[in-house]
1. List pairs: first in the stretch 89-105 and within 15 Å of residue 42 (Cβ to Cβ) and touching a residue at least 40 places away in the same chain (Cβ under 8 Å), second in a helix (DSSP H, G or I) and of a type in the set (Gly, Ala, Ser), Cβ under 7 Å, 6+ apart or cross-chain?
2. So which residues in the stretch 111-124 are within 22 Å of residue 51 (Cα to Cα) and either acidic (Asp, Glu) or surrounded by fewer than 19 Cβ atoms within 10 Å (Cβ to Cβ) (or both)?
3. Can you name the number of the only condition in (1) among the basic types (Lys, Arg); (2) in contact (Cβ under 8 Å) with a residue 60 or more places away in the chain; (3) under 30 Å from residue 10 (Cα atoms) that residue 156 fails?
4. Are any residues in the stretch 22-74 touching a Ser or Thr at 6+ places or on another chain (Cβ under 8 Å) and farther than 27 Å from residue 198 by Cβ, and if so, which ones?
5. Could you please find all residues in the stretch 181-197 being within 16 Å of the chain's Cα centre (by Cα) and touching a residue at least 12 places away in the same chain (Cβ under 8 Å)?
6. In the stretch 27-50, which residues are modelled with pLDDT under 95 and of a type in the set (A, V, I, L, M, F, W, C)?
7. Filter the strands (runs of 3 or more DSSP E) completely within the stretch 42-122 down to those with at least 1 residues that are closer than 17 Å to residue 184 by Cα.
8. Identify, from the list 98, 90, the residue that is modelled with pLDDT of 95 or more, under 30 Å from residue 168 (Cα atoms) and buried (at least 17 other Cβ atoms within 10 Å of the Cβ).
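The values are calculated or read from the model by the stated rules, or taken from the named source; none is laboratory data. Just so we're clear, the structure is a prediction, and the values are computed from it rather than from any experiment. Quick reminder, even Gly has a Cβ in these numbers, built from the backbone with ideal geometry, and neighbours come from all protein chains shown.
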Amino acid sequence: MVEHLQKLYPGRLILASQSPRRAQLLSLIGFDFDIRPSHIREDSWNEDDPAQHVLALSLAKAQEVAGEVEHGLIVGADTIVVLDGEILGKPADFEEAKSMLRRLSNRTHQVYTGFALVEKPGNRTASDYEVTSVHFRQLQDWEIESYVKTQNPMDKAGAYGIQDQSAVFADRIEGCFYNVVGFPLTKFYTTFLKFVQHNEQQ
């Protein structure tokens, strides 16, 4: 698969994210890429619709990095947690992290991840998003306290990462698991294939 991906797109693939989880997932399916994080402030984005929020922000991240690249394919992404229509971003402090987890306890929430591709120098773009429903069992206060002390929730939307100790919080997942980790692998892969194959047909 690695050799075929390189044949499909022999240029530079650039991940506009400092998320180690996204880097691990891209590596998992054989992509070779550089990391060049964007510097867009996620907390300054005020889009109420969750899908539009992740689509717009992931594209903005990719376009910002694309502005500094002459040749390459830039990948931007953004993940949010949505509870009762309210977007939960990354917690500002430990108390907010605890509050978020208490709100998620014994409830179902949605995880949205948007991604965007920007090709340079042609400036052709593609974007899409995935939604996964996650149900948390009833969490005990000591579990929340113990988890927050690890500091793992502090850089994650909704104050948890399904790939760490909070894996035992979720008892039901409907949809793409990797989307909850932070990158919907299958949807990204199929979008990437269509994007680069379109280039070959031109």
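1. 89/157; 90/157; 91/97; 91/159
2. Filtering the stretch 111-124 for residues within 22 Å of residue 51 (Cα to Cα) gives 111-118, 124.
Within the stretch 111-124, just 124 meets the criteria.
3. Status for residue 156: all satisfied but (3).
4. 37
5. 181, 182, 183, 184, 185, 187, 188, 189, 191, 192
6. Within the stretch 27-50, 28, 29, 31, 33, 40, 45 qualify.
7. Counting at least 1 such residues, we get 72-83, 108-120.
8. Working: 90 fails: modelled with pLDDT of 95 or more.
After applying the criteria, what remains is 98.
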